[in-house]
Amino acid sequence: MAMALDGIHFLVTYRCTYTCDHCFVWSSPDVEETMTLAQLRDAMDQAAATGQIEMVYFEGGEPTLAYPVVLEAAAYARRKGLEWGLVTNCYWATSVEDARVWLRPFKDLGISDLSLSSYAYFVEDADEAHLRNAVAAAQKLELPMAVLEV
């Protein structure tokens, strides 16, 4: 039986706030590579043209390090009729209030899945308070959300 491709995950950037031994894309704070909005739009145009792709994910590295590009790419995905999701390590969630500010545009853009990563077992200086703040904010905004942890 043939498998159908129904989603694409974009590694928006290889830059990340962490350097994890388990990272399969070798992201770190020192990596510069980032996709452009033009590249993301072109890929989404091609994906939508297949008639099979239903969902795109923005991840990395840490995709919110390219926050304005991700927001515009998410808006573009919606205009193309694609669902969208995001995988993030929550470095930006320094308080519940700040997290709500970061996440509000995701609600407005109709996010289908927000995946929040826990790094407690992988990174010595991981601040799980950021994860808790992001979870609380996502719940208050009624976002479709899950925590990724091992």
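Conditions tested, residue by residue: (1) of a type outside the set (V, I, T); (2) at pLDDT 95 or above; (3) in a strand (DSSP E or B).
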residue	(1), (2), (3)
L40	yes, yes, no
D45	yes, yes, no
V56	no, yes, yes
L86	yes, yes, yes
W102	yes, yes, no
F122	yes, no, no
R132	yes, no, no
A136	yes, yes, no
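Looking at segment 58-84, which of the residues that are within 23 Å of S118 (Cα to Cα) and in a loop (DSSP other than H, G, I, E, B) is most open to solvent (accessible area, probe 1.4 Å)?
Looking at residues that are within 23 Å of S118 (Cα to Cα) and in a loop (DSSP other than H, G, I, E, B), I get G61.
For the condition in contact with a helix residue (DSSP H, G or I) (Cβ under 8 Å, 6 or more places away or on another chain) and under 21 Å from E149 (Cβ atoms), what is the one hit in Y91, Y18, Y57? Walk me through how you get there before you give the answer.
Details: Y18 fails: in contact with a helix residue (DSSP H, G or I) (Cβ under 8 Å, 6 or more places away or on another chain); Y57 fails: in contact with a helix residue (DSSP H, G or I) (Cβ under 8 Å, 6 or more places away or on another chain).
Matching residue, one of Y91, Y18, Y57: Y91.
Say whether the condition of being assigned to a strand (DSSP E or B), over 21 Å from D98 (Cβ atoms) and aromatic (F, W, Y) is met by at least one residue in segment 5-15.
yes
Select from segment 16-27 the residues that are surrounded by fewer than 20 Cβ atoms within 10 Å (Cβ to Cβ), hydrophobic (A, V, I, L, M, F, W, C) and touching a strand residue (DSSP E or B) at 6+ places or on another chain (Cβ under 8 Å) and list them in ascending order.
V25
Each row is one residue, and each column tells you yes or no for (1) among the basic types (K, R); (2) touching a Cys at 6+ places or on another chain (Cβ under 9 Å); (3) crowded, with 18+ Cβ neighbours inside 10 Å.
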site: G7; (1), (2), (3): no, no, no
site: Y14; (1), (2), (3): no, no, yes
site: P29; (1), (2), (3): no, yes, no
site: D45; (1), (2), (3): no, no, no
site: L86; (1), (2), (3): no, no, yes
site: G110; (1), (2), (3): no, no, no
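Conditions first: (1) under 16 Å from N89 (Cβ atoms); (2) surrounded by 15 or more Cβ atoms within 10 Å (Cβ to Cβ); (3) of a type outside the set (A, V, I, L, M). R41 passes all but one, so which condition is the exception?
If we test R41 against (1) under 16 Å from N89 (Cβ atoms); (2) surrounded by 15 or more Cβ atoms within 10 Å (Cβ to Cβ); (3) of a type outside the set (A, V, I, L, M), just (1) comes out false.
Given the conditions (1) in a loop (DSSP other than H, G, I, E, B); (2) open to solvent by less than 30 Å² (accessible area, probe 1.4 Å); (3) of a type in the set (G, A, S), report the number of the one that A2 does not fulfil.
(2)
Test E97 against the stated conditions and say whether it is within 18 Å of H9 (Cβ to Cβ) and of a type outside the set (V, I, T).
Details: within 18 Å of H9 (Cβ to Cβ): no; of a type outside the set (V, I, T): yes.
Judged against the criteria, E97 is not a match.
The values are calculated or read from the model by the stated rules, or taken from the named source; none is laboratory data. In this text the structure is predicted, and so the values were computed from the model without any measurement. Note that each Cβ is placed from the backbone with ideal geometry, even for glycine, and that neighbours are counted across all protein chains shown. Protein only, heavy atoms only, side chains kept; ligands, DNA and RNA dropped before computing areas. Shrake-Rupley method; radii C 1.70, N 1.55, O 1.52, S 1.80 Å.
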